[in-house]
Structure formats: C-alpha cells, structure tokens
Amino acid sequence: MLSLETRFTSEERLLVMLTQYMFHYFYSGFYALEEYGDFSVEAQCPQIVAWGKMCYGLPESE
C-alpha cells in the first residue's frame, strides 16, 4: 500500500486513503472487461493496473 509519509498533511493522507478505497470498486470491474469484452486492461492502461495491484497488495507482473 502507498506509504503515507510525513510529507503529506492529514487532509492529503485522508484523500489518498479514500481514493485507494474507492479504486477497489473500479478495479474489480477490470476482470469483467477482460473476460467478456475481449479487452486487455493491462495492455491498454498499465499504470492504472499497477496502481490497482498496489492498492490490493498484489505483486507487480514482470
């Protein structure tokens, strides 16, 4: 998970945590796109997938 170091204010930390929390719902829809939509989210949007894996604590793919 993103390290919330002291360089962030408390409001910025809250915003980052809320964003990561809400991203879980968005990220879970990627599976449906890949399975039923014949669309590779990781090939088209690698930064979004990397962020989602970070939020879920999944290992990065090589």
- Task: Determine which single condition Y31 fails, assuming it passes every other condition in (1) modelled with pLDDT under 80; (2) assigned to a helix (DSSP H, G or I).
- Result: (1)
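Sort out which residues of region 34-45 are in a helix (DSSP H, G or I) and acidic (D, E), and write them in order of number.
E34, E35, E42
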- Task: Determine whether region 46-57 contains at least one residue that is under 12 Å from the mean Cα position of the chain (by Cα), at pLDDT below 80 and not in a helix (DSSP H, G or I).
- Result: yes
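The values are calculated or read from the model by the stated rules, or taken from the named source; none is laboratory data. Computed from a predicted structure; not experimentally measured.
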